[in-house]
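First comes the structure, then the notes that go with it.
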Amino acid sequence: MARFLGRFILILLLVLPSVIMLAGNGGGSSALASAQDSDDTVEDLADGEDDTEATVESDEPTVEGTGDESTVAETDMEKEEEDEENEPLKASPEANTYLLFTEPADMSFKAGRMVKLLMGFSNNGEKDFIVESMEASFRYPQDYSFFIQNFTGARYNRLVEPSRQATFEYGFTPSDTFSSRPFGLTINVNYKDTDGKQFQDAVFNETINIVEPDDGFDGETFFLYVFLAAAVVLMLVGAQQLFNTFGKKHMPKKSKPVVELGTQNKNDVDYDWLPKDTINNMNKSPRRSPRQSPRQRRTNRGMGSGEE
C-alpha cells in the first residue's frame, strides 16, 4: 500500500506541471486573441479620429516655432544655473572680516601645539547674514590647490543683523611631523544672507613656518643623550680590554730573583777548611740511628724476645 501511494504521488508530481503549463498556454492564447480583436477595434477608431482631426486642423491656421523657442530658453536657464554652481564662492561686499591670532601672538606656530584665533564679522548691509562655519587647511606653498592637512571645521550658525558685529573663536593643532617646514595656511569663513545666497571669505591666506617646540625637557633628546653615554662607556670598556690583551703580549718578561737555597746534597759539603781534629771528632761521635716507626719497633721487639 505504501509503495502504491508513493508511485501515485510521483505520477501526480510529473503530470501536474504539464497540465498547468497547457492550461496557461490555452488561457494565454485566448487572451491574446481577445487582445488582438480589441487592438483592431481601437485602430479602427483611431483611424476615424485621425480623419476628423485632419479635417479640423486644415481649417485652423498653423503656428510654428513655439516649441523650439521654449526648449532653447530652458537650455539657456540650465546652463546659467550650472555656471552659477561651478563658480567659486566669493565674499559679500556688504560684509567685512577681521582676524587676530591670540595663541601664539607672534605667529610662530609650533608643531603639536594648539593655535587659537579670533575672527571678527561686521554686517554693513541691509540684510541679515548667518555665519555658518569656519575651516582651515595646510596647502602646498607653490600650489594652493594641493591640500596637505585639513583641520576640523567649527559650526556656528549665528545670525548677524545689519550694522552689527560678532566675534568667533577657532583653533587647530598642526601635526608633530610638520616642524621646520613652510606651509600655506588658508582659513575660510562660510556665511549666507536671508535669501539663501552662499558666500565664502578667505580671512587668511598666507605662507607660515612651523617651528619645533622649545621645551625644557624633551624625551627624544634625553634618550639620545642616554644612548650616546652608553655607547661611550662601551667604547671605553672595549678599549681597556684590547689594551690589556695586546699589552701583556708585547711587554718584556721580568727575570725572577735568584734565591740561595744552600747545599741540598750532603756529599757536596767541603770539609777541607775544617781542622783535622774536628773532622776526627766528628767521625768518632756516634751517629744517631734512623728514626723508626712504631710498627718497626714492635717487629724489632718481637724478634728480640724470640731470640732470647
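Every number here is computed from the coordinates shown, using simple stated rules; none is lab data. The shown structure was predicted, so the numbers you read here are calculated from the model rather than taken from an experiment. Virtual Cβ from ideal backbone geometry, glycine too; neighbours counted across all protein chains shown.
Worth a mention:
- Model label points for TYR144 and TYR98, set 7 angstrom from Cα along the Cα-to-Cβ axis, are 2.3 nm apart.
- Of LYS90/LYS127; LYS110/LYS197; LYS90/LYS116, pairs whose Cα-Cα distance is over 28 Å: LYS110/LYS197
- Label separation (SER175 vs MET235): 3.6 nm, computed from points 7 Å beyond Cα along the C-beta direction.
- Difference of contour (0.36 nm per residue) and Cα-Cα distance, THR152 to ASP214: 19.7 nm
- Length gained on full extension, ASP272 to ILE130, computed as 0.36 nm times the residue gap minus the Cα-Cα distance: 37.3 nm.
- Paramagnetic label zone (point 7 Å from Cα along Cα-to-C-beta, LEU89; backbone N under 18 Å) in the range 175-196: 186-196
- Maximal additional length on extending the ILE20-GLN200 stretch stands at 57.8 nm, based on 0.36 nm per residue less the C-alpha distance.
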